[in-house]
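What follows draws every value from the coordinates through simple rules; no lab data is involved. Keep in mind that this is a model prediction, so the values were computed, not measured. Methodologically, a virtual Cβ is constructed for each residue, glycine included, from the backbone with ideal geometry; neighbour enumeration extends over all protein chains shown.
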2 protein chains.
Amino acid sequence: MEKTIHFLPDDVKITVDTGENLLDAAARAGVYIHAFCGGDGVCGKCKVEVTSGEVSSSQAAPTSEKDAAKKIVLACKSTVLSDLTIQVPSKTKADGTALKRKPKTTRSISARSLDSLVGKWDVDPPIEKRFLKIDPPTVEDNVPDLKRLMRAIKKGCYECAEPTYDHPALLQDLPFTMREANWEVTVIMLRGKRSEEPDRIIAVEPGDTTGQFYGLALDIGTTTIGGVLLNLHTGEIISEASVYNSQIGYGEDVISRVVYSQRPGGLKALQGKVVYSINQIIEKICRELIISPSDISYIMAAGNTIMAHLLLGLDPKFIRESPYVPICNQMPLTRAAALGIDAHPSMRLFLYPSVASYVGGDITSGVHACQMHKSPEITLFIDIGTNGEIVVGNNDWMMCTACSAGPAFEGGGIKHGMRASSGAIENFHIDPDSLDPMIITINHTKPRGICGSGLISIVAELLECGVIDQQGKFNRKLGHSRIREGIDNYEYVIAWAKDSLTGEDIVITEVDLDNLIRAKGAMYAGYETLLESVGMGFGDLDRVILAGNFGAYIDLERAISIGLLPDIDRDKFFYLGNASLLGAQISLTDHKRFRDRMEVSGLMTNMELSESPQFMDHYVAALFLPHTNMDLFPSVKEKLSLK
Amino acid sequence: MEKTIHFLPDDVKITVDTGENLLDAAARAGVYIHAFCGGDGVCGKCKVEVTSGEVSSSQAAPTSEKDAAKKIVLACKSTVLSDLTIQVPSKTKADGTALKRKPKTTRSISARSLDSLVGKWDVDPPIEKRFLKIDPPTVEDNVPDLKRLMRAIKKGCYECAEPTYDHPALLQDLPFTMREANWEVTVIMLRGKRSEEPDRIIAVEPGDTTGQFYGLALDIGTTTIGGVLLNLHTGEIISEASVYNSQIGYGEDVISRVVYSQRPGGLKALQGKVVYSINQIIEKICRELIISPSDISYIMAAGNTIMAHLLLGLDPKFIRESPYVPICNQMPLTRAAALGIDAHPSMRLFLYPSVASYVGGDITSGVHACQMHKSPEITLFIDIGTNGEIVVGNNDWMMCTACSAGPAFEGGGIKHGMRASSGAIENFHIDPDSLDPMIITINHTKPRGICGSGLISIVAELLECGVIDQQGKFNRKLGHSRIREGIDNYEYVIAWAKDSLTGEDIVITEVDLDNLIRAKGAMYAGYETLLESVGMGFGDLDRVILAGNFGAYIDLERAISIGLLPDIDRDKFFYLGNASLLGAQISLTDHKRFRDRMEVSGLMTNMELSESPQFMDHYVAALFLPHTNMDLFPSVKEKLSLK
């Protein structure tokens, strides 16, 4: 249930769900509260006064005599029970700069955007389970079992082509399956297009098994593999699971995986690892629902080109070398079990087609999910990560590219960088007066490091408060205790050792800032180069869609502040979340949408940035916060000039 | 080179090839010569005088003083070098009955019949090897390797559909294959139908391998597996091999194989055995030609329904039980290597479609070879064996059936029966006066036993000389030393112990005769029942085609004498030989003929004789030599009444 919180004296209102953490709500509203320990309740700094309404506090605030009459709580340990008015103590209050930010975070708008972007889809899967009562054979009618089955499938459909099957193994059990339940069987079929393309039988089961009709949608990411199990009768998600891609042990990014694949046995090892991770997902889901892996009738997966190659055991060697040639873009429809996946021997695994070596099936799936190829609106589709993928276009044309942003957004190359897991600083504010931080970590533990979204928050805050300049250098004149010369270069102490989980100071250094600037610079130069290639600029965009898990956690204002996203009307931005998984899920549910996928990859034209001099020019110009050309960032220009 | 032999005093002329054995030639001409030892030169009885021309004798004839001036040779040890006149000594001469037979054996007419029956076919195989020079990728043109390959294949053919491939393994080596010979590759493709059905890529090889383009045609028989290797550029047979089907160790006939397949591990063992035998053929051929099994681009095979099931590892259990249901008639196109066949991993094995459980792909292939389905002539197609298959029809309709004749034609159920191998009596004459035999064995050794064609000769001769009556009982009144009461029943001594290889008397018994009568009766009843089912009789037949290895060795006159074949105009009979192998060979050479195969199996309607009361009536009537209704056998009636 939605509640409203009114923060005073900033006079900011925010809508939250019952049970939301009060510190999170403040951070999201852009209200600064002292909080050094990430929300762990240790530092005891985040005291606020509840002037009206009810909160539930799991830890009492240490209060002084004079505050005895007031209802003082630790924001980090309090959850919202009713509409609230919260007085932030003046000594912890921000000076008002926070008010200028228009808070806009992921969760508050992603729900809204999903429907409008993705449209409706039907529950009419590309796979079908059909229960058949078959006439038993007689001497007068002793056609082969297979023919009898096909006759029963075709019954009453004269325009339907004869069904086919493509694996001889189907035949091995057929006579026994048909007789086991007295000529009552359930067939699982890939749907064809009536007369044009025949239905394809992929499995036959004794009796009526139509009650269990599940499909698994998978997003096979370089770092994380996510899966949702759908009830294909209703289209509902009935279980979700996600695991790390256990290939990580062989390298963090796709390039290091390709390098590893070139070792003796490397390709096989990598294939085994991704299969192992997929099996973990299947096991989790099946254990939760108490079903068998063989009850899953189809797997629809999306992953980047290299993940697809590795899963299929295809050598990605030439993807890495200029001119960057994959073996194939249209991945063959495979039997999952043949890859080692714990599945019914007949179950198929479909992989979304790629467009190029570095624009993979995850992007095709995402574009397919948001129906860019159906809309006349000029849309910029962005998936930010180590490799940032960018698509621009509409229902008439689409250009796409990938740019190597480096691992900064995933915590790589950052001194205290880490992945978005427990203890990672994900949100950050600075008190513009004291330059003290407000830290919020994932799971509200003491801070352990900085994840990508935290990094963006930190850099945006440091920039807006003048702690760093537009080149990403610390203002050495400030003389603040948190700004110091570290071992190699200047740094800002985000958390002191006593407040951190690691027992050492967590800092951000000028090298970190430089890495972030390069990463965001590459993305921005990518947008510019792609738009320029079709004679367009940011002003021509009707929509910007942020896909990917990381995209879903980005604070829009701050991402614009540092120049990661273009400074255009905020209403044009949409968060799509894990678009790759969403596309797979939609295709698994609606065969008309599924069939449509080829249109997407057919429309997309790839551009290689690595060989583009235009890209290099744009990149160099973007190595500034937010950009050397401040006219491209009017709102940031205004914000920074306020100081 | 052809030579003419003029036998005196019978005044019979026969055309033979240079090098033919003189005793064989006499037997074929129906000229009786004393010969007890099968042609081994041991008995020394087969002395003849060469009155003109040259022979080559490997063993001198024992000659008396008075014959010193004459050129006396042992017929069994002499081969023809020139045109000859041969005087058969009067004491060994037949009384003339032999002259009444119009000799007509396999080899003399099969060559003639092949062309007229089978028609011409083109060298335009369903599989294609194409050498491609592919443009290497550049950054501007970095489409995936697969796409690049397909583009090169389609080049210049705009109406052609995009080629497909159906096995992910193809992709694994593709990038290396393409780069290995500097973007020059040879693709092996299954030909589609241009716009309708795409070509299918089955293998890609580096460089130009179009020089080696071989296809293997296989006849997978219950007893024997025969193979011919074709040069697919020229259509020529460049090697042949045949081996016993090593499944024989698990049973002589298909039913015993089905029984064995039901044991634990039985199916797998049987599959392994037939694969082993196929590998023997491949090994023989490859060793002879010094090629590698992977140089063979396609295998086109034909076998009966049970052989096809066993090869594919499909359980034939329900084929044996009423209502006799196979798993499938259209056998899936399989990768040979997946079955364990020593072949390129991508090589396909095609199996001719069956019509029913007991009318298999060998029959479809045979009918396809002789183009019955293209001719308006009403044709009776017969394949005689343990299971005799019968097809009747023309280009408008075809009926087919199988009848269980029992193993007599393959030497089974006969006291001294044996398969047609070395030492088997394959030809036989009787001196009508002395009732002494003229024996010819395979490979001219001393006799070891009686094979199917020998059995037909023996029974026909015994019948015509009155040694047996029309019920197959010995004429006990003759009082001849060779006719005696054996342990269980009456028998005729074909070879005395001293002349036999086994050192014991070789006999034919009344039980043997009974078994033969049942076997030929089943076949004849089969023809009648099938013809009757379409309101026809033997008079409506335009042609009778004898297929199968056994059919190729049958002496037509004698087969009619015993009632195995109908007594109609001899000019209507044709020998097709191993029609199953021939069909496979034609399909391998000409894709238009290959495509046509579905028409054949589509036209054929199966009839189950086992449940037909008409069949039982015809069968009982046929248990007589040649038949209870002698009006059905006018020429035999005349011959027998001559005595």
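Would you mind ranking A:Glu638, B:Glu557 so that the residue whose beta carbon has the fewest other beta carbons within 10 Å leads the list?
A:Glu638, B:Glu557
In nm, one decimal, shortest first: how far is the label point of B:Glu54 (7 Å from Cα along Cα to beta carbon) from the matching points in the other copies?
Nearest to farthest, the other copies are at 12.6 nm.
Between A:Glu54 and A:Ser256, what FRET efficiency follows from the Cβ-Cβ distance if R0 is 60 Å, with the result rounded to 0.05?
Once rounded, the FRET efficiency stands at 0.70.
Given a cut-off of 22 Å, name the pairs among A:Lys47/A:Lys637; A:Lys155/A:Lys193; B:Lys520/B:Lys639; A:Lys592/B:Lys147; A:Lys45/A:Lys70 whose C-alpha atoms lie farther apart than that in the structure shown.
A:Lys47/A:Lys637; A:Lys592/B:Lys147, as the Cα separations exceed 22 Å there.
Run through the other copies and list how far each one's label point is from that of A:Gln262, in nm with one decimal, shortest first; the point sits 7 Å from Cα along Cα-Cβ.
Result, one decimal in nm: 6.0.
Please give the average number of partner chain Cβ atoms lying within 10 Å of the Cβ of each residue in B:351-359, rounded to a whole number.
1
Please report the net charge: other residues with Cβ closer than 12 Å to the Cβ of A:Gln212, K and R +1, D and E -1.
Local net charge: -2.
Going by C-beta contacts inside 10 Å, put B:His167, B:His344 in order with the fewest on the left.
B:His167, B:His344
Which value, in debye to the nearest 20, describes the size of the charge dipole of chain B about its Cα centre when Lys and Arg Cβ atoms bear +1, Asp and Glu Cβ atoms bear -1, and nothing else is charged?
Computed about the Cα centre, the dipole is about 700 debye.
Using 0.36 nm per residue, how much length does the chain from A:Asp396 to A:Val42 gain when fully extended, once their Cα-Cα distance is taken away?
Full-extension gain reported as 121.8 nm.
Please determine, in degrees from 0 to 90 and to the nearest 10, the orientation of helix B:145-154 with respect to the longest principal axis defined by the Cα atoms of chain B, where the helix direction is its Cα long axis.
60
Taking the Cα atoms only, what angle lies between the long axis of helix B:106-118 and the longest principal axis of chain B, rounded to 10 degrees?
Result, in degrees: 40.
If R₀ is 25 angstrom, what is the calculated FRET efficiency for the pair A:Phe538 and B:Asp135, using the beta carbon separation as r and rounding to 0.05?
That gives a FRET efficiency of 0.10.
State to the nearest 20 debye the size of the charge dipole of the protein assembly as shown about its Cα centre, where the only charges are +1 on K and R beta carbons and -1 on D and E beta carbons.
Charge dipole of the protein assembly as shown: 1160 debye, to the nearest 20.
What distance in nm lies between label points placed 7 Å from Cα along the C-beta direction at B:Lys120 and A:Ser434?
Inter-label distance under the simple model: 10.2 nm.
Could you work out how far the C-alpha centroid of segment B:122-184 sits from that of segment A:232-309, in angstrom?
Measuring centre to centre over Cα atoms gives 30 Å.
Which shape class, rounded, prolate or oblate, goes with segment A:2-103 when its Cα gyration tensor gives a ≥ b ≥ c as root eigenvalues, a/c under 1.5 marks rounded, and past that a/b bigger than b/c marks prolate?
The shape class here is rounded.
Provide a whole-number value for the mean count of partner chain Cβ atoms within 10 Å of the Cβ atoms in peptide B:130-142.
Per residue, the average neighbour count from other chains is 3.
Given the DSSP H assignment, sum -39500 (n - 2.57) over each helix run of at least 4 residues in chain B and divide by its residue total; what's the result at 222 nm in deg cm²/dmol, nearest 500?
-8500 deg cm²/dmol
By Cβ position, which chain B residue lies least far from the axis that rotates chain B onto chain A, and what is the distance to the nearest whole angstrom?
Per the Cβ-to-axis criterion, the result reads B:Asp166, 4.
Are there cysteines in chain B with no other Cys C-beta under 4.7 Å, and if so, which?
If one checks each Cβ against the other cysteines of chain B, B:Cys46, B:Cys76, B:Cys286, B:Cys328, B:Cys370, B:Cys400, B:Cys403, B:Cys451, B:Cys465 turn up with nothing under 4.7 Å.
How far, in nm, would the chain grow between A:Ile487 and A:Leu289 when pulled straight, counting 0.36 nm per residue and subtracting the alpha carbon separation?
Length gained between A:Ile487 and A:Leu289: 66.0 nm.
How many angstrom separate the Cα center of segment A:551-578 from the Cα center of segment B:336-410?
Answer, in whole Å: 70.
By count of other Cβ within 10 Å, fewest leading, how are A:Met630, A:Met418, B:Met372 ordered?
A:Met630, A:Met418, B:Met372
With everything on Cα atoms, drop me the angle between helix B:169-180 and the longest principal axis of chain B, reported from 0 to 90° to the nearest 10.
It is inclined by approximately 70 degrees.
Residue farthest toward the positive end of the dipole of the protein assembly as shown, with Cβ of Lys/Arg at +1 and Asp/Glu at -1: which of A:Thr605, B:Ile341, B:His167?
Checked the options; the winner is B:Ile341.
For the pair B:Ser635 and A:Leu333, how long in nm is the line joining their label points, each one 7 Å along Cα→Cβ?
Placing both labels 7 Å beyond Cα along the Cβ direction yields 5.9 nm.
What does the structure give for B:172-182 when I average, per residue, the other chain Cβ atoms found within 10 Å of the residue Cβ?
Mean number of neighbouring Cβ atoms from other chains: 3.
I need the calculated FRET efficiency for the pair A:Asp208 and A:Arg151, taking r as the beta carbon distance and R₀ as 22 Å, to the nearest 0.05.
So, using R0 = 22 Å, E works out to roughly 0.70.
Testing the spin-label approximation: label points 7 Å from Cα along Cα→Cβ at A:Ile238 and B:Ser610. State their distance in nm.
4.4
Based on Cβ point charges of +1 for Lys and Arg and -1 for Asp and Glu, what charge dipole magnitude is obtained for segment B:214-351 about its Cα centre, in debye rounded to the nearest 20?
The dipole magnitude comes to about 460 debye.
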